[in-house]
Amino acid sequence: MSIFLQACVNGLLMGGFYSLMGMGQNVIFGVMKIVNFCHGEMLMVGMYLTYVLSTTFSLDPYLCVPIVAVLMFLLGAVIQHTLITPSLGTKSFTNLLFLTVGLGLLLSNGALVIFGSEYRTINTAYSQTYYSLGPVTLALPRLISFGVLIVVSIALFSFLKYTTTGKQIRAVSQNPVGAEVVGINTKRIYILTYGIGTALAGIAGALLTGFYTIYPTAGASFGFRALIVVVVGGLGSIPGAFFAGIFLGLLETMVALFISPSYSDLIVFITFIVILVVRQLIILRRK
């Protein structure tokens with residue numbers, strides 16, 4: 001029983017990262033209707049930014065989170081303005097697909113050239129601090145990261161729901177032409193949206209550095225899981241992405257506990273396919 005509870009807690013804590021990645025992907029897709037295939041690499045960039053800030057200026061990795069968020073937002077805004085906006089004008093999904101895939105390869109290989117293939121970690125005074133809660137053991141870095149994830153998720157939901165800019169983002173998501181008619185600058189909203197999505201990936205990367213190794217391809221698995229979260233949670237749904245990420249984290253740990261850790265990726269992929277098939281069947285029956 002204690003092993004099962006420990007697995008549930010671990011799945012919950014890791015699922016929070018999948019949720020944040022999924023929300024970032026969902027914001028971008030919900031507004032711009034493009035699948036950002038370099039989303040995982042943005043997480044990796046956030047990890048390396050945190051590593052550089054921590055080692056160069058002796059900053060705690062969690063104090064680096066706001067700095068990384070701002071830098072990643074600016075990076076996303078620049079990418080959107082210089083690369084994605086021109087491609088949006090072509091109205092070609094293929095162009096955008098190859099653009100984001102190529103950008104992801106550029107980022108991961110750039111990190112490989114700059115930092116090498118070595119696995120890097122950030123050690124703090126509390127890296128090996130654990131708390132026992134009955135039969136469950138909780139690592140302090142994971143607890144802090146999950147707490148920050150919850151705060152960021154609530155802040156994102158509140159921003160999109162209650163602020164004027166958030167309402168403009170939702171308006172562009174629902175009807176870009178209608179939003180332009182009433183005076184909303186859709187190009188500015190696109191830049192803002194991609195910047196927010198990139199910042200969320202960067203925040204997830206910064207929070208991971210407290211207990212996760214840093215290497216050039218670290219974001220690949222997270223990027224794939226972000227796509228699954230978007231599909232499972234519903235396109236454009238921030239709460240849906242949050243709970244879908246938690247579900248995915250729990251699914252992985254249950255597979256590792258009851259079957260084998262080596263089958264986690266396989267089961268996740270099969271689950272993804274099954275959900276796609278079932279959803280398509282439901283859509284066809286409604287027609």
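The values are calculated or read from the model by the stated rules, or taken from the named source; none is laboratory data. All of these numbers come straight from a predicted model, not from anything done at the bench. Quick reminder, even Gly has a Cβ in these numbers, built from the backbone with ideal geometry, and neighbours come from all protein chains shown.
Taking each residue of segment 189-212 that is more than 20 Å from residue 37 (Cα to Cα) and looking for partners that are of a type in the set (S, T, N, Q) and buried (at least 24 other Cβ atoms within 10 Å of the Cβ) with beta-carbon atoms closer than 6 Å, six or more apart or interchain, yields 207/145; 209/50; 210/145. Restricting segment 96-127 to residues that are touching a Leu at 6+ places or on another chain (Cβ under 9 Å) and without any contact (Cβ under 8 Å) to a residue 40 or more places away in the chain, the residue that is surrounded by the most Cβ atoms within 10 Å (Cβ to Cβ) is 99. Say whether the condition of being of a type outside the set (A, V, I, L, M, F, W, C), over 15 Å from residue 194 (Cα atoms) and at pLDDT below 90 is met by at least one residue in segment 74-89. Yes, segment 74-89 contains a residue that is of a type outside the set (A, V, I, L, M, F, W, C), over 15 Å from residue 194 (Cα atoms) and at pLDDT below 90.
Return the residues of segment 213-246 that are aromatic (Phe, Trp, Tyr) and surrounded by fewer than 19 Cβ atoms within 10 Å (Cβ to Cβ); say none if nothing qualifies.
224, 243
Condition check: within 24 Å of residue 216 (Cβ to Cβ) and in contact with a Lys or Arg (Cβ under 7 Å, 6 or more places away or on another chain). Does residue 72 satisfy that? Let's see the steps before the verdict.
Details: within 24 Å of residue 216 (Cβ to Cβ): yes; in contact with a Lys or Arg (Cβ under 7 Å, 6 or more places away or on another chain): no.
Here the answer is no, as residue 72 does not meet what is asked.
Restricted to segment 247-261, and to residues there that are farther than 15 Å from residue 221 by Cα and surrounded by fewer than 17 Cβ atoms within 10 Å (Cβ to Cβ), the residue that is nearest to the chain's Cα centre (by Cα) is 254.
Scanning segment 203-212 turns up no residue that is over 25 Å from residue 12 (Cβ atoms) and either in contact with a strand residue (DSSP E or B) (Cβ under 8 Å, 6 or more places away or on another chain) or not acidic (Asp, Glu) (or both). Pairs meeting the criteria (first residue in segment 10-26 and closer than 21 Å to residue 133 by Cβ, second residue of a type in the set (Gly, Ala, Ser) and surrounded by fewer than 24 Cβ atoms within 10 Å (Cβ to Cβ), beta carbons under 7 Å, at least 6 apart or on different chains) are 11/249; 12/249; 14/249; 15/249. So, in segment 262-280, of the ones that are closer than 20 Å to residue 223 by Cβ and out of contact with any helix residue (DSSP H, G or I) (no Cβ under 7 Å at 6 or more places or on another chain), which residue ends up surrounded by the fewest Cβ atoms within 10 Å (Cβ to Cβ)? Ranking the qualifying residues of segment 262-280, first place goes to 273.
Scanning segment 20-37 for residues that are buried (at least 24 other Cβ atoms within 10 Å of the Cβ) and either at positive phi or not in a helix (DSSP H, G or I) (or both) returns a single hit, 36. Taken together, 55, 82 contain a single residue that is in contact (Cβ under 8 Å) with a residue 24 or more places away in the chain and among the hydroxyl-bearing types (Ser, Thr, Tyr), which is 55. Sub-6 Å Cβ pairs linking a first residue in segment 257-277 that is among the β-branched types (Val, Ile, Thr) to a second residue that is assigned to a helix (DSSP H, G or I), at least 6 apart or interchain, are 267/255; 275/232, ordered by first then second residue. Name every residue in segment 144-177 that is loosely packed, with under 15 Cβ neighbours inside 10 Å and in contact (Cβ under 8 Å) with a residue 24 or more places away in the chain, in order of residue number. The answer is 150, 165.
Number of residues in segment 55-86 that are surrounded by fewer than 18 Cβ atoms within 10 Å (Cβ to Cβ) and either on the phi > 0 side of the Ramachandran plot or part of a helix (DSSP H, G or I) (or both): the value is 14.
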